[in-house]
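Inspection log for the structure reproduced underneath, given as structure tokens.
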Amino acid sequence: MMSSPEPIVIAGMAVEAPGGIETTADYFVALADGVELIEPFPRDRDWPVDQVLALGSIDGWGDVADAGGFLRGAAEFDPMFFGISPRESIAMDPQQRVAMRVGWRAVENAGINPTALEDEEVGVYMGASMAEYGPRAAAVNEFSGHRIAGTALGAVAGRISHALGVVGPSMTVDTACASSLTALHLAANAIRNGECSWAIAGGVCVMGSPAAFFEFAKNNGLAADGHCRSYSASATGTLWGEGAGAVVVETEGRARRLGHRILGTVLATRVNHNGRGAPIVVPSAEAQQRLVERTIAAAGVCPADIDVVEGHGTGTPLGDPMELQALQNTYGAARSAQEPVLLGSVKSNAGHAQAAAGMMGLIKVLLCGRHGMTVPSLFADDPTDKVDWDRGGLRLSAECAEWPARAGRRLAAVSSFGVAGTNAHAIVAMPATDREIDHV
């Protein structure tokens, strides 16, 4: 297989989001309507909810609100559809099950028959992190023997490859909250390098335990009021969420030859690290700015042509101002207050989906481009006072608005930053189209 200089395009996508959302159409409606998809802790996961909600009573720990962005269908799965026994399916990390669903649906959304891919050189790259699901594998129980794959992080991607019967590269990527955009970066490069003919790229997060709430309660990093107030002056911390998304990526020539829709072109992706200096969990505005600058250069575009930035926006008083500084120095500096670049974060709607966060943001951007409109970022009416908003042309997206195409396309950027110091950034172009958008 020869390496390809052709543009890499996105030809299909699928999503699962909090609030019972299982289609891209429902996802876009919720975003356009400014719906907050936050709900109380699930009571059907055998979690010690009372203990979690009482963590604030421990000296030095922060309060935990009874709130998060949880997938309602996380426990639902049809194992026989994928040729898996019920006992094995219970032993599987729910992230494997949800990833299989969104991977299959993304392929169908691209107009490809998932049952006709046996032995094809198709890559699968999925972002995911460990989620502490189920009993320890080092124990004797009725699921022993199934846990070796059921607890394997690599099986998140491997299950999709196995279900489809494809034989290209298959890997699960863990760069924490940057995982799914890192997966897209690896998938696009694999296609360019001739490692696979096309690929599925995505990310998934289903919390097998409330461990993330314990960790951030100890660090006083959770939103006290149960809202993820991205870039807001009222932000007190982040709010954990779940989600899953996948896209089909291939060369533009292949997409056109097979009659696939082109939802977007991946102009460039780049990944870097904060390096040494601050503690590993502390973000770096300098590293983020370098990443954005290098992605812009690789995309070959003018930063002033980027109309929308889907930011990381975790709602932390430390992280958001650093990110805003990097964005002001790049995209904001290229625009004016009269014609600003619009910034938002889907975390304000659905919480922080961790390893799936970047993919949730990318799919939001693709849908906005497809519909020719921007959507509001919640809590945008109260922007943080930790940055000087008058210094450039960066503004929060506060309402639905028409998104005019420039020279037949709409350009946007997506950011995702990991707690271990990895940063990922992508620039995509969505074609202006008069096609029907009812089934995106």
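The values are calculated or read from the model by the stated rules, or taken from the named source; none is laboratory data. Small disclaimer: the values here were computed from a predicted structure and weren't measured. Virtual Cβ from ideal backbone geometry, glycine too; neighbours counted across all protein chains shown. To get the accessible areas, we keep the full protein, side chains included, count just its heavy atoms, and leave off ligands, DNA and RNA. Shrake-Rupley method; radii C 1.70, N 1.55, O 1.52, S 1.80 Å.
Some points to look at:
- Centre separation in Å (Cα based) which lies between the range 222-256 and the range 169-211: 15 Å
- The chain - mean residue ellipticity at 222 nm from DSSP helices (-39,500 (n - 2.57) per run, n ≥ 4, rounded to 500): -8000 deg cm²/dmol
- Computed E for residue 298/residue 218 - FRET, C-beta separation, R0 25 angstrom, nearest 0.05: 0.05
- Nonpolar atom fraction for the range 394-435, defined as the carbon and sulfur part of the 1.4 Å probe accessible area, stands at 47 percent.
- Computed from backbone phi, the HN-Hα couplings of the range 6-18 come to 5, x, 9, 10, 9, 10, x, 7, 8, 8, 10, 9, x Hz, rounded to whole numbers (Karplus: 6.51 cos²θ - 1.76 cosθ + 1.60, θ = phi - 60°; Gly and Pro given as x).
- Less than 5 angstrom separates the built amide H of residue 329 from none of the residues sequence-distant by 5 or more or on a different chain.
- Karplus (6.51, -1.76, 1.60) ³J(HN,Hα), θ = phi - 60°, over the range 257-272, in Hz, Gly and Pro reported as x: 5, 9, x, 7, 5, 9, 7, x, 10, 7, 5, 6, 9, 9, 9, 9
- Relative packing of 350-356, 261-267, which averages over residues the other C-beta atoms within 10 Å, highest first: 350-356, 261-267
- For residue 71, the amide hydrogen comes within under 5 Å of the amide hydrogens of 242, counting only partners 5 or more places away or on other chains and with H modelled in the peptide plane.
- Prolate/oblate/rounded call for the chain, Cα gyration tensor, a/c under 1.5 rounded: oblate
- For the pair residue 87 and residue 211, a Förster radius of 25 Å applied to the C-beta separation gives a FRET efficiency near 0.45, rounded to the nearest 0.05.
- Packing, taken as the mean count of other beta carbons within 10 Å per residue, orders the peptides 88-95, 363-370, 38-45, 173-180 from highest to lowest as 173-180, 363-370, 88-95, 38-45.
- Linear extension gain, residue 381 paired with residue 233, 0.36 nm per residue minus alpha-carbon span: 52.3 nm
- Cα-based reach from residue 347 at 21 Å (exclusive), listing lysines while leaving out same-chain residues under 8 positions away: 364, 386
- If you plug the beta carbon distance of residue 433 and residue 399 into 1/(1 + (r/R0)^6) with R0 = 22 Å, you get a FRET efficiency near 0.40.
- Each of 70, 42, 23 was placed along the dipole of the range 17-72 (beta-carbon charges, centred on the mean Cα), and the one lying farthest toward the positive end is 23.
- For the range 132-140, the Karplus equation 6.51 cos²θ - 1.76 cosθ + 1.60, evaluated at θ = phi - 60°, returns couplings of 6, 8, x, x, 4, 5, 7, 7, 9 Hz by residue, with Gly and Pro reported as x.
- Extension gain (nm, one decimal) between residue 121 and residue 80, 0.36 nm per residue minus Cα-Cα: 12.3 nm
- Helical segments meeting 15 Å axial Cα length and Kyte-Doolittle 1.0 threshold in the chain (DSSP H): 357-371
- Gain upon complete extension [residue 273, residue 66; 0.36 nm per residue less C-alpha separation]: 71.2 nm
- Net charge over other residues, Cβ less than 15 angstrom from the Cβ of residue 195 (K, R count +1; D, E count -1): -2
- Counting Lys and Arg as +1 and Asp and Glu as -1 over every other residue whose Cβ lies under 12 Å from the Cβ of residue 42, the net charge comes to -2.
- With protein chains left intact and a 1.4 Å probe, residues in the range 297-440 average 35 Å² of accessible area per residue.
- Rounded to 5, the percent of DSSP beta bridges in the chain classed as antiparallel: 65 percent
- Amide H to amide H, with H built 1.01 Å from N, residue 175 comes under 5 Å of 128, counting only residues 5 or more places away or on other chains.
- Summing charges over all other residues whose Cβ lies under 10 Å from the Cβ of residue 23, with Lys and Arg as +1 and Asp and Glu as -1, gives -2.
- Paramagnetic reach from residue 46 (point 7 Å along Cα→Cβ, amide N under 17 Å) across the range 92-126: 92-95
- As a ratio to 2.2 N^0.38 Å, the alpha-carbon radius of gyration computed for the range 270-401 takes the value 1.01.
- Spin-label model distance (nm) - residue 54 vs residue 144, 7 Å beyond Cα toward Cβ: 3.4 nm
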